[in-house]
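Input: a single structure, listed below in structure tokens.
The values are calculated or read from the model by the stated rules, or taken from the named source; none is laboratory data. Fair warning: this is a prediction, and the values are worked out from it, not measured in the lab. All Cβ positions, glycine included, derive from the backbone under ideal geometry; neighbour counts span all protein chains shown.
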Amino acid sequence: MSESVSGQEPAQDEAQGAPEQTGAGTGAGAGAPSRRTVLGWGGAGLALGAAAAGGTAAVLNSGPDMVSAASAGAAVPFHGEHQAGIASAVQDRLHFAAFDVKTKDRAELIQLLKDWTAAARLMTAGQPVGEGGYGGLPEAPPDDTGEALGLKASRLTLTIGFGPGLFAKGRFGLEGKRPGALIDLELFPGDNLDPARSGGDLCVQACADDPQVAVHAIRQLARIGFGKTAVRWSQLGFGKTSSTTPDEQTPRNMMGFKDGTRNISGTDKAALEKHVWVGADDGSDWLTGGSYLVARRIRMNIETWDRTPLGEQEDIFGRDKGEGAPVGKSKERDEPFLKAMKPEAHVRLAHPDTNNGATILRRGYSFTDGTDGLGRLDAGLFFLAYQRDVRTGFVPIQRNLAKSDVLNEYIQHVGSAVFAVPPGVRDKDDWWGRTLFA
């Protein structure tokens with residue numbers, strides 16, 4: 001859960017500025033007649049794809065611009081070799097949702113993914129979905145629910161993943177395309193997983209600097225998918241607990257410690273290629289340029305931690321609480337001397353040197369979901385780890401942590417899911433999952 005499990009967190013290409021506009025408008029007030037009057041939402045989804053193709057020029061991720069992209073309201077390019085939201089500079093807010101696919105029709109699922117892509121293309125550019133939230137026929141619901149009207153793009157990124165269930169035999173003809181690295185995660189010692197907060201056929205990670213923009217994005221996709229998908233579980237997150245921009249201040253987790261110090265930088269292309277992006281020789285051609293995502297909901301025993309002496313807290317992490325320096329060092333980014341730490345220290349157990357070089361890219365967020373009915377905060381870390389191969393990334397690190405990390409006395413993994421994350425959408429004619437279904 002800490003910085004070495006934080007291990008690395010690459011940043012995806014991201015540049016400031018909304019995609020350039022051409023010709024016909026795609027937001028509210030677009031001139032084309034609405035097809036929803038005849039076909040309902042499904043027809044509107046088809047029209048939405050055409051509107052997006054005509055109204056938004058393809059803008060490729062040409063290179064990370066980690067500092068300038070953080071300026072208020074900036075738009076992150078949607079098109080590129082890799083999906084945005086992985087190596088991109090980490091935003092302040094998260095809305096993550098896992099979906100069950102309800103339709104049994106392969107063609108209907110493909111159309112849904114096309115409709116979702118068209119909507120994502122608009123929303124990440126700061127535009128409303130379809131014909132917008134008002135101005136249409138009063139007898140029909142608007143294409144956009146409207147709560148993000150007038151808000152800027154806020155660096156919104158939308159990242160999709162495909163769960164193991166999508167590849168089950170007899171569902172969509174994909175059983176021969178399940179990657180070997182898309183494993184069913186084992187039950188690790190100490191896990192107390194809630195099935196209602198685990199798994200999923202699809203996932204969408206929405207990150208933005210404005211929480212309303214992130215929530216709006218998931219809401220629109222769930223609405224478009226009505227009848228074909230259903231939200232299985234979702235998680236709101238705040239206060240990023242890791243960073244892909246090492247020149248910025250390292251965030252702190254709910255335990256008050258800096259987290260993600262040794263995360264992969266979004267500008268470190270060599271590290272991203274080695275540890276995050278799936279390669280052409282990894283056995284799944286359709287996933288080349290993509291990644292694998294492990295999502296874990298980690299509940300913290302906040303009240304117990306808050307009564308733990310400072311010295312003990314620092315020994316548990318292997319860093320001091322003020323500066324964040326490793327044991328025996330003076331600066332946060334000093335190279336840790338692992339043998340100076342206690343054998344059960346979290347940083348020591350999660351470090352790549354302790355795990356045969358296993359390295360992951362972290363995009364974690366804090367969460368608080370009220371109380372548990374006993375007066376205790378339901379709070380902790382929503383852990384998101386991207387890697388080239390789950391079997392050589394998350395699994396060995398978590399096995400090591402589950403075995404002897406003293407931090408386990410204060411945390412418990414209560415939700416879990418794994419997804420294959422396809423490559424990026426290259427242009428206006430491309431869509432999420434095209435390489436898988438081609």
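Some values worked out for this structure:
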{"read-out": "Condition check for residue 191: touching a residue at least 24 places away in the same chain (Cβ under 8 Å), among the acidic types (Asp, Glu) and closer than 27 Å to residue 278 by Cβ", "value": "yes"}
{"read-out": "Residue within the range 362-384 that is without any contact (Cβ under 8 Å) to a residue 40 or more places away in the chain and closer than 21 Å to residue 273 by Cα present", "value": "no"}
{"read-out": "Of all residues in the range 272-313 being more than 22 Å from residue 160 (Cα to Cα) and of a type in the set (A, V, I, L, M), the one that is surrounded by the fewest Cβ atoms within 10 Å (Cβ to Cβ)", "value": "310"}
{"read-out": "In the range 237-256, residue modelled with the lowest pLDDT [restricted to those that are in a strand (DSSP E or B) and surrounded by fewer than 19 Cβ atoms within 10 Å (Cβ to Cβ)]", "value": "239"}
{"read-out": "Index of the failed condition, residue 230 passing every other in (1) surrounded by fewer than 20 Cβ atoms within 10 Å (Cβ to Cβ); (2) touching a residue at least 60 places away in the same chain (Cβ under 8 Å); (3) part of a loop (DSSP other than H, G, I, E, B)", "value": "(3)"}
{"read-out": "Only one of 109, 48 that is farther than 18 Å from residue 426 by Cα, modelled with pLDDT of 95 or more and assigned to a helix (DSSP H, G or I)", "value": "109"}
{"read-out": "Any chance residue 174 is under 24 Å from residue 430 (Cβ atoms) and of a type outside the set (S, T, N, Q)", "value": "yes"}
{"read-out": "Out of 339, 329, sole residue that is within 14 Å of residue 315 (Cα to Cα), free of Cβ contacts under 8 Å to residues at least 24 places away in the same chain, of a type outside the set (Phe, Trp, Tyr) and loosely packed, with under 13 Cβ neighbours inside 10 Å", "value": "339"}
{"read-out": "Residue pairs meeting the criteria (Cβ under 6 Å; at least 6 apart or on separate chains; first part of a helix (DSSP H, G or I), in the range 165-180; second modelled with pLDDT of 95 or more and exposed (fewer than 11 other Cβ atoms within 10 Å of the Cβ))", "value": "175/169"}
{"read-out": "Filtered residue count, the range 328-368, keeping only those that are over 19 Å from the mean Cα position of the chain (by Cα) and under 27 Å from residue 395 (Cβ atoms)", "value": "23"}
{"read-out": "Residues of the range 353-406 satisfying the condition of being aliphatic (A, V, I, L, M), closer than 22 Å to residue 338 by Cβ and touching a strand residue (DSSP E or B) at 6+ places or on another chain (Cβ under 9 Å)", "value": "358, 360, 361, 385, 395, 397, 402"}
{"read-out": "Subset of the range 83-107 [over 25 Å from residue 368 (Cα atoms) and either surrounded by fewer than 24 Cβ atoms within 10 Å (Cβ to Cβ) or basic (Lys, Arg) (or both)]", "value": "101, 102, 103, 104, 105, 106, 107"}
{"read-out": "Which numbered condition residue 364 misses (of (1) modelled with pLDDT under 95; (2) surrounded by fewer than 24 Cβ atoms within 10 Å (Cβ to Cβ))", "value": "(2)"}
{"read-out": "Residues satisfying the stated conditions in the range 194-240, i.e. polar (S, T, N, Q) and under 13 Å from the mean Cα position of the chain (by Cα)", "value": "205, 234, 235"}
{"read-out": "Checking residue 308 against (1) among the polar types (S, T, N, Q); (2) modelled with pLDDT of 95 or more; (3) under 30 Å from residue 233 (Cβ atoms), the condition it does not meet", "value": "(3)"}
{"read-out": "Residues located in the range 67-126, provided they are aromatic (Phe, Trp, Tyr) and in contact with a Cys (Cβ under 8 Å, 6 or more places away or on another chain)", "value": "96, 99"}
{"read-out": "Members of the range 189-200 found to be part of a loop (DSSP other than H, G, I, E, B), closer than 17 Å to residue 384 by Cα and in contact with a Lys or Arg (Cβ under 8 Å, 6 or more places away or on another chain), listed by number", "value": "199, 200"}
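Let's see how each residue does on (1) surrounded by 22 or more Cβ atoms within 10 Å (Cβ to Cβ); (2) farther than 30 Å from residue 253 by Cβ; (3) under 17 Å from the mean Cα position of the chain (by Cα); (4) not β-branched (Val, Ile, Thr):
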| residue | (1), (2), (3), (4) |
| --- | --- |
| 115 | yes, yes, no, yes |
| 124 | yes, no, yes, no |
| 148 | yes, no, no, yes |
| 156 | yes, no, yes, yes |
| 169 | no, yes, no, yes |
